[in-house]
């Protein structure tokens, strides 16, 4: 069945019965308000995108007399939460006499303009990405521009094209092709460091990536992805031939929400990804990049506490864009990444604890980045900020001896 | 004299109904005492397409109606009647229910789509007391699907404001707003059929 059935019978007073104008509201004129709501159905694929509060309000409609005002209200809220073009409520005969079923159909946007990332960081400057997506049924065509100096050693600027089929024969299988073309810029610290370090591969001035990936939903909380990444880059040495780093990709992701108990909601997300490049794929580089992440959130009322742990390991000889970073907008915030390690590291561990109360947030980050054979130095940082939906402003302080300059960050979706 | 051939008969038999259809007034009227009433509006069907689809999905739709009389084409109305109809569709009975919330409140249910449309038109009565019977008149019926801004203007704390409902029709319909119109003219009251209509149902 395409729709998930929400079938919780709720007792008690009508949710909407309080302050209605008896003469004006259309509820009394809808002939179906004599019937009792038997079930409320939402498409399975959007179920996880609905907030707990809205889910509860949908459940509250069940067992009550049909109320078109309440239905319009939840449909509007659902449209806003899912950011879709429209949510159309439909009323159908129930399975029992004098009962009706509510089906909420979701129609996605045909064209969507989004800002996957916008960040001003007082040490790294501006970072941003903008994407336009054309949606045709289960197919999405996306084109975007990006300039990002936050996540990798390099600042990469360029274009992205992506095609996604959200339903490859079945709802459980998705297909994605991505093509990126970037131009690279390097920080002075990186240029200085690479001149003194022969163990790390050299710089490049441009990079192209082609990445086909298939994702299979094995079960509702568990997905597995397989694919390949074909990266070709031009070394920053005149006359040198282009190089390639072609890797097989695999990833496992688990995400589950738990409700009830002493808290309102608990979220657990865990993932592992592997990018393995060998000369069998006609690659100039041979390496394996492993990354593990576990994120746990516990929420109660307006407050929530999140712990996010990340570990990474690179074996072999990986190009600079594969190397790990700390001192970014999400990991070891407040530190300057080029001060910590201007070439990135092949090993990383990081843990972040974040407390939120309403708009307010406070965080504590701790992490270490190093290469094989080096000493492991754990660094710490603290920060406070405000967050409203995708918008965030934060001030992060590195915990270190001597003078420490805070880092100011403002933006959305970072 | 032209010979009446088989082909001529064939053309006439197909063409005559078409001609009658094209020349039939889009608004058929009668005089009921001191009121001008609508007998039929053959070209006006507001329960079709999207509104019908929405109603069958269980939505409540509100239609605003204005029945007006003027002495010249496109001249301001000298008399008008307005009403507001709230409609819904019983998903179990597969019948329509209509409530008039304008001047006088009335409800009717278990109607087919055509009967529901007719009930709304039948509910509109235009006072013609004082209007010269031999004067040429232009009569217009306009219907609009009420949108949220109309609702905010028309529906107040104390109920429906007829003055504001008239004001809604003094402004052109919004670009996305569904509207239907039928008109006829010139007509003379003296030429119209006099009918004693049954008391309005509901």
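The table below lists the values:
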read-out	value
The range A:180-199: number of residues that are surrounded by 16 or more Cβ atoms within 10 Å (Cβ to Cβ) and closer than 15 Å to residue A:340 by Cβ	4
Meets criteria (within 14 Å of chain B (Cβ to nearest Cβ), assigned to a strand (DSSP E or B), in contact (Cβ under 8 Å) with a residue 12 or more places away in the chain and closer than 30 Å to residue A:161 by Cα) for residue A:112	no
Yes/no for residue A:46 being part of a strand (DSSP E or B) and away from every other protein chain (no Cβ under 14 Å)	no
Selected residue (criterion: modelled with the highest pLDDT) from residues of the range A:22-32 that are more than 7 Å from chain B (Cβ to nearest Cβ) and surrounded by fewer than 20 Cβ atoms within 10 Å (Cβ to Cβ)	A:28
Positions within the range B:78-93 being more than 17 Å from residue A:34 (Cβ to Cβ) and either within 14 Å of another protein chain (Cβ to nearest Cβ) or under 16 Å from the mean Cα position of the chain (by Cα) (or both), in sequence order	B:79, B:80, B:81, B:82, B:83, B:84, B:85
Only listed residue being more than 30 Å from residue A:340 (Cβ to Cβ), within 14 Å of chain B (Cβ to nearest Cβ) and in contact with a helix residue (DSSP H, G or I) (Cβ under 8 Å, 6 or more places away or on another chain), chosen from A:103, A:74	A:74
Some residue of the range A:148-163 being over 27 Å from residue A:318 (Cβ atoms) and surrounded by 18 or more Cβ atoms within 10 Å (Cβ to Cβ)	no
Residue count, the range B:57-77 (criterion: farther than 19 Å from residue B:148 by Cβ and either within 14 Å of chain A (Cβ to nearest Cβ) or part of a strand (DSSP E or B) (or both))	5
Residues of the range B:31-50 satisfying the condition of being more than 14 Å from chain A (Cβ to nearest Cβ), outside any strand (DSSP E or B) and farther than 18 Å from residue B:79 by Cα	B:41, B:42, B:43, B:44, B:45, B:46, B:47, B:48, B:49
Test: residue in the range A:274-281 that is surrounded by fewer than 18 Cβ atoms within 10 Å (Cβ to Cβ), more than 25 Å from residue A:216 (Cβ to Cβ) and touching a residue at least 40 places away in the same chain (Cβ under 8 Å)	no
Subset of the range A:77-89 (residues that are surrounded by fewer than 18 Cβ atoms within 10 Å (Cβ to Cβ) and within 11 Å of chain B (Cβ to nearest Cβ))	A:88
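The values are calculated or read from the model by the stated rules, or taken from the named source; none is laboratory data. Keep in mind that this is a model prediction, so the values were computed, not measured. In this analysis, Cβ positions are derived from the backbone assuming ideal geometry, glycine residues included, and neighbour counts consider all displayed protein chains.
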